[in-house]
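Novice: Take this structure first; my questions come after.
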Amino acid sequence: MSNKRTPGAVASITLYALLTAVTALSLDIILPAYSLIGYELGVTGAGLQHNLLVFVAGMLVGELVSGGLADRYGRRPVLALSAAVFIGGTLACVFAPTYTWLLVGRLLQGMGAAGQKICTRAIIRDRYSGAAMASVMSYVLVVLVALPFIAPMLGATFTGMLGWRSIFVFLGFYACAALVWFWVRHPETLPQKSLANLHFSTALRAFFRQKRSLLLTIMAGLLFGVHLGFISLSPLLFADLFAVQDRFPFYFGCVACAFGIALLFNARYVVYWGMEKMIFIGLTVIVAVQIFFLIALIYTETVPFTVFLAHTFLLLFSLGLIFGNLTTLILQPLGRMAGVGSALSSALSSAVALVVSFAMGFIYEGKLDQFVFPCTFTVLAATAIFVLSTRSQLRGEVGHLVHTDNDVSAPKQSGTTASGCDSNE
């Protein structure tokens, strides 16, 4: 264990937020540069979506690799290595001569960002549990309140003044600053005995024995796919359907900040209402909104821009209520194997999300219903999985109680009786 003193609550949450924000920042900041990247590197249409999907594919690989390493060698060295990979990918993007090279750089960026995310989650799990962990996780992710406004506007500013490659220069400096702060101020949180005794195969079996964690991971992947599909297609949605590409950073920020507002709301009230209830509220809102919007499209074929903004705002608000709690429910049973558990759950959910978002991009050909239909179907599937996972948990709890009752033996001559009272009284 390092001799460094763990930062206080505010400093810790700020540091965790900066490390976690690398992923969202890398996704959002590039959106205003779509057209210039396409013009310079010869890419058009939905092909531009691939730079985000490749980033997520890199995350999948990075999550699988970093989780086991973080549980075996510690959080600090793996986080530092991940940051180095991210910076290397950023340099590849800065000097990319072709779109293929840019995709290679984005792949490396995704791998590095995933390692930082996994290690940060594992550190939080090392220090907190239960509703306290859900609250801290939500506060960490509250940085997303500002990022949807800041990131696209930064991207537009850098692109307009210095060209799209300057975006990646900024990302490189950001990653370096966050890494230096972490390395100087934060100690190792995984005990030395865990470093020596933990085996990846043991953690792997432990994760796959958690039936509910698997179901919730698939659910998270479906919803992440909807979120990723919206982010990757948003420049096309705003341009093709409503011709507001000139004000894209502002409108994108207006709706995307709903995700962060929901996280802030969740951080405040999850300790009173509980994680399951917050997820239920989020699913209720998102299902109602999608069905209402789908019915409106069936009857009108088009909707006013303000209605589209309201629909998207509520969609992302609902996702914000769900994600922080869902992550906590998945990781809660895994204890000191949080690194591998977070890695496996994130990799599996990323794989599901890639399939969903790629399918949404494949289906989309410039019409709003081609975006709304797959969103609605995916949301309904995620809701069904959550209901199934809840019933599975209840059956498990009932089975455990029945098993316990059947194991109650006749009272001993001394000790405790079946009623729980001492036999000598």
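Novice: Run L53 past the list (1) farther than 24 Å from F230 by Cα; (2) touching a residue at least 12 places away in the same chain (Cβ under 8 Å) and report the number of the one that doesn't hold.
Specialist: (1)
Novice: Condition first: under 18 Å from the mean Cα position of the chain (by Cα), modelled with pLDDT of 80 or more, polar (S, T, N, Q) and on the phi < 0 side of the Ramachandran plot. Can you find one or more residues in the stretch 28-50 that meet it?
Specialist: Within the stretch 28-50 (the criterion being under 18 Å from the mean Cα position of the chain (by Cα), modelled with pLDDT of 80 or more, polar (S, T, N, Q) and on the phi < 0 side of the Ramachandran plot), the answer is no, since none of the residues qualifies.
Novice: I would also like to ask the following. Could you pull out the residue among T100, T20 that is in contact (Cβ under 8 Å) with a residue 12 or more places away in the chain, of a type in the set (S, T, N, Q) and either touching a Phe, Trp or Tyr at 6+ places or on another chain (Cβ under 8 Å) or in a helix (DSSP H, G or I) (or both)?
Specialist: Sole residue among the options that is in contact (Cβ under 8 Å) with a residue 12 or more places away in the chain, of a type in the set (S, T, N, Q) and either touching a Phe, Trp or Tyr at 6+ places or on another chain (Cβ under 8 Å) or in a helix (DSSP H, G or I) (or both): T20.
Novice: Hey, another quick one. Considering each of V94, V22 in turn, give the residue that is surrounded by fewer than 23 Cβ atoms within 10 Å (Cβ to Cβ) and aliphatic (A, V, I, L, M).
Specialist: Of V94, V22, the one residue that is surrounded by fewer than 23 Cβ atoms within 10 Å (Cβ to Cβ) and aliphatic (A, V, I, L, M) is V94.
Novice: Something else: Just checking, does the stretch 352-365 include any residue being outside any helix (DSSP H, G or I) and either surrounded by fewer than 22 Cβ atoms within 10 Å (Cβ to Cβ) or modelled with pLDDT under 90 (or both)?
Specialist: Among the residues of the stretch 352-365, at least one is outside any helix (DSSP H, G or I) and either surrounded by fewer than 22 Cβ atoms within 10 Å (Cβ to Cβ) or modelled with pLDDT under 90 (or both), which makes the answer yes.
Yes or no, residue by residue, for (1) in contact (Cβ under 8 Å) with a residue 40 or more places away in the chain; (2) among the charged types (D, E, K, R); (3) crowded, with 24+ Cβ neighbours inside 10 Å:
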site	(1), (2), (3)
L236	yes, no, no
R247	no, yes, no
I291	yes, no, no
I295	no, no, no
A343	yes, no, yes
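Novice: Would you tally the residues in the stretch 375-390 being surrounded by 21 or more Cβ atoms within 10 Å (Cβ to Cβ) and among the small types (G, A, S)?
Specialist: Number of matching residues: 1.
Novice: Moving to a separate point now. In the stretch 97-141, which residue that is closer than 26 Å to L263 by Cβ and of a type in the set (S, T, N, Q) is surrounded by the fewest Cβ atoms within 10 Å (Cβ to Cβ)?
Specialist: Out of the qualifying residues, it is S129.
Conditions (1) among the basic types (K, R); (2) in contact with a Lys or Arg (Cβ under 9 Å, 6 or more places away or on another chain); (3) farther than 22 Å from V180 by Cα, marked per residue:
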residue	(1), (2), (3)
T23	no, yes, no
S35	no, no, yes
Y73	no, no, no
V94	no, yes, no
G115	no, no, no
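Novice: Do the conditions hold for L79, that is, is it under 30 Å from P187 (Cα atoms) and touching a Cys at 6+ places or on another chain (Cβ under 6 Å)?
Specialist: When the stated conditions are applied, L79 passes them.
Novice: Of the residues L309, L368, L316, which is modelled with pLDDT of 80 or more, farther than 22 Å from G112 by Cα and surrounded by 23 or more Cβ atoms within 10 Å (Cβ to Cβ)?
Specialist: Of L309, L368, L316, the one residue that is modelled with pLDDT of 80 or more, farther than 22 Å from G112 by Cα and surrounded by 23 or more Cβ atoms within 10 Å (Cβ to Cβ) is L316.
Novice: Checking the structure you have, find out if any residue of the stretch 211-229 is hydroxyl-bearing (S, T, Y), under 23 Å from T376 (Cα atoms) and part of a helix (DSSP H, G or I).
Specialist: For the stretch 211-229, residues hydroxyl-bearing (S, T, Y), under 23 Å from T376 (Cα atoms) and part of a helix (DSSP H, G or I): present.
Novice: Among the residues that make up the stretch 85-95, is at least one of them modelled with pLDDT of 90 or more and of a type in the set (F, W, Y)?
Specialist: Looking for residues that are modelled with pLDDT of 90 or more and of a type in the set (F, W, Y), one finds at least one in the stretch 85-95, hence yes.
The values are calculated or read from the model by the stated rules, or taken from the named source; none is laboratory data. The structure presented is a predicted model; accordingly, all values stated were derived computationally and were not measured. Backbone-built Cβ (ideal geometry, glycine too); neighbour counts: all protein chains shown.
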